[in-house]
Amino acid sequence: MSTPSGGSPLVLLKEGEGPPVVIAHGLAGTVQVSKLATCIEAPNPVYGIEAKGVDGRGEPLQRVEDMARYYLEALNRSCPDGPYIVIGYSFGGLVALEMAQRLHDSGKEILLLIMLDAYPHPQFLRLPTRLSLFVQRMKTHGQQIWHMSFRAGWTYFGKGVKRRLHLIPRSEPAPVSSSPRERILHKVNEKAYQAYTDYQPRFYAGKVSFVTTATKTFFPANPAAAWKHLTADLEIEVVPGNHLNILTTEYQPLADVLTRYIQKADSQISTRKQETRETRMEKARLPGFSPKALNETRA
């Protein structure tokens, strides 16, 4: 894995040719998709995106819009032409969505937008989805408490209630015993969580390929309920595993899905280029068509 150069948030995970694949980070801000990237069987270069401030040299960003702008500036320096394949895991799915919005608004081509088990903050979900998610989370909390001791379960329950009533902050200071590196990452995580809380997705005029997990815990059971009204075209695929282990131990099924998506997109690019070449050759055979005009067409 290559480290970012010149302050760039882009980390080269796999060299290659063709449209670049960029994968936005989750709340942690670090690149956590190295194993996944190496298992994607496509010729494209794959970049992970690292949050600003992870290296301790800059102030972390706390708005999704600012993150998207910052990452696109870096992408434009490295790969100015496109088209682009943009992927985001969890919170990074919101960043990827905003990146795709801005690429679309600027007239650049998004070959693929893939969101990996990514959802907006519950406050931005429609009421039926929000209520369903609340019940689902209560069941999950209940199952966790059931396997705890009485004292641990009571503490867990009390802490949750206090958070719901805003009696304790969502984010707590880093422990005094934390290392400098741990304090840096804690600050990045705090800023990212603030960005997650504040970001309200807007309608996306393109297609979203959404990958969700078979095992549900704290996220909506039906991704369509969260995203269908916010996208022009929504495709949903389910992979084995849960929200966390699809990047740690169960990443191969996800890599297989991404491979299929990317190979299909690359094939479409190849077909488009072949059709363009054939069109040029047909024009070249027309009476009065000069080689100079053919060169101008190629340009």
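The values are calculated or read from the model by the stated rules, or taken from the named source; none is laboratory data. Just so it is clear, the structure is predicted and the values come from calculations on it, not from any experiment. Cβ sites come from the backbone with ideal geometry, for glycine too, and all protein chains shown count toward neighbours.
Answer yes if at least one residue in the range 65-76 is closer than 20 Å to Ile269 by Cβ and in the same structural domain as Thr197 (by TED's automatic domain parsing), and no otherwise.
Looking for residues that are closer than 20 Å to Ile269 by Cβ and in the same structural domain as Thr197 (by TED's automatic domain parsing), one finds at least one in the range 65-76, hence yes.
Name the residue, out of Glu17, Glu50, Glu59, that is free of Cβ contacts under 8 Å to residues at least 12 places away in the same chain and farther than 21 Å from Asp256 by Cβ. Spell out the reasoning first.
Details: Glu17 fails: free of Cβ contacts under 8 Å to residues at least 12 places away in the same chain; Glu50 fails: free of Cβ contacts under 8 Å to residues at least 12 places away in the same chain.
Result: Glu59 is the single residue among Glu17, Glu50, Glu59 that is free of Cβ contacts under 8 Å to residues at least 12 places away in the same chain and farther than 21 Å from Asp256 by Cβ.
Please find, among Leu61, Leu27, the residue that is within 22 Å of Leu247 (Cα to Cα) and either in contact with a helix residue (DSSP H, G or I) (Cβ under 8 Å, 6 or more places away or on another chain) or surrounded by fewer than 21 Cβ atoms within 10 Å (Cβ to Cβ) (or both).
Numbers: Leu61 fails: within 22 Å of Leu247 (Cα to Cα).
After ruling out the rest, the residue left standing is Leu27.
Within the range 261-274, identify whether any single residue is modelled with pLDDT under 95 and in contact with a strand residue (DSSP E or B) (Cβ under 6 Å, 6 or more places away or on another chain), and answer yes or no.
There is at least one residue in the range 261-274 that is modelled with pLDDT under 95 and in contact with a strand residue (DSSP E or B) (Cβ under 6 Å, 6 or more places away or on another chain).
Okay, residues lined up against (1) at pLDDT below 65; (2) in contact with a helix residue (DSSP H, G or I) (Cβ under 7 Å, 6 or more places away or on another chain); (3) part of a loop (DSSP other than H, G, I, E, B):
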| position | (1), (2), (3) |
| --- | --- |
| Gly88 | no, yes, no |
| Ala96 | no, no, no |
| Ala100 | no, no, no |
| Gln123 | no, no, no |
| Met148 | no, yes, yes |
| Gly153 | yes, yes, no |
| Val161 | yes, no, no |
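Pairs only if they're at least six apart or on different chains, beta carbon under 6 angstrom, first in the range 177-206 and without any contact (Cβ under 8 Å) to a residue 12 or more places away in the chain, second surrounded by fewer than 16 Cβ atoms within 10 Å (Cβ to Cβ); list them, first residue then second.
none
From the residues in the range 215-247 that are in contact with a helix residue (DSSP H, G or I) (Cβ under 8 Å, 6 or more places away or on another chain) and among the β-branched types (Val, Ile, Thr), which one is surrounded by the most Cβ atoms within 10 Å (Cβ to Cβ)?
Ile246
Report yes if Ile262 is within 23 Å of Lys108 (Cβ to Cβ) and either hydrophobic (A, V, I, L, M, F, W, C) or not assigned by TED's automatic domain parsing to the domain that holds Pro20 (or both), otherwise no. Outline the logic, then answer.
Details: within 23 Å of Lys108 (Cβ to Cβ): yes; either hydrophobic (A, V, I, L, M, F, W, C) or not assigned by TED's automatic domain parsing to the domain that holds Pro20 (or both): yes.
Taking the combined requirement at face value, the residue satisfies it.
Among Glu73, Glu17, which is the only one that is modelled with pLDDT under 95, surrounded by fewer than 16 Cβ atoms within 10 Å (Cβ to Cβ) and acidic (Asp, Glu)? Working first, answer last.
Values: Glu73 fails: modelled with pLDDT under 95.
Step by step, each of Glu73, Glu17 is checked, and only Glu17 is modelled with pLDDT under 95, surrounded by fewer than 16 Cβ atoms within 10 Å (Cβ to Cβ) and acidic (Asp, Glu).
Looking at the range 44-64, is at least one residue part of a helix (DSSP H, G or I) and assigned by TED's automatic domain parsing to the domain that holds Thr231? First the steps, then the outcome.
Here is the first cut: in the range 44-64, the ones part of a helix (DSSP H, G or I) are 64.
Filter again for assigned by TED's automatic domain parsing to the domain that holds Thr231, leaving 64.
Yes: one or more hits.
If you check Leu27 against the conditions, is it more than 26 Å from Ser267 (Cβ to Cβ) and assigned to a loop (DSSP other than H, G, I, E, B)?
yes
Which pairs turn up if I take residues in the range 64-75 that are within 16 Å of Tyr199 (Cβ to Cβ) and look for partners that are of a type in the set (Asp, Glu) and part of a helix (DSSP H, G or I) with beta carbon separation below 9 Å, at least 6 apart in sequence or on another chain?
Going by the 9 Å Cβ cut-off, the qualifying pairs are Val64/Glu98; Val64/Asp198; Glu65/Glu98; Met67/Glu98; Ala68/Glu98; Arg69/Glu98.
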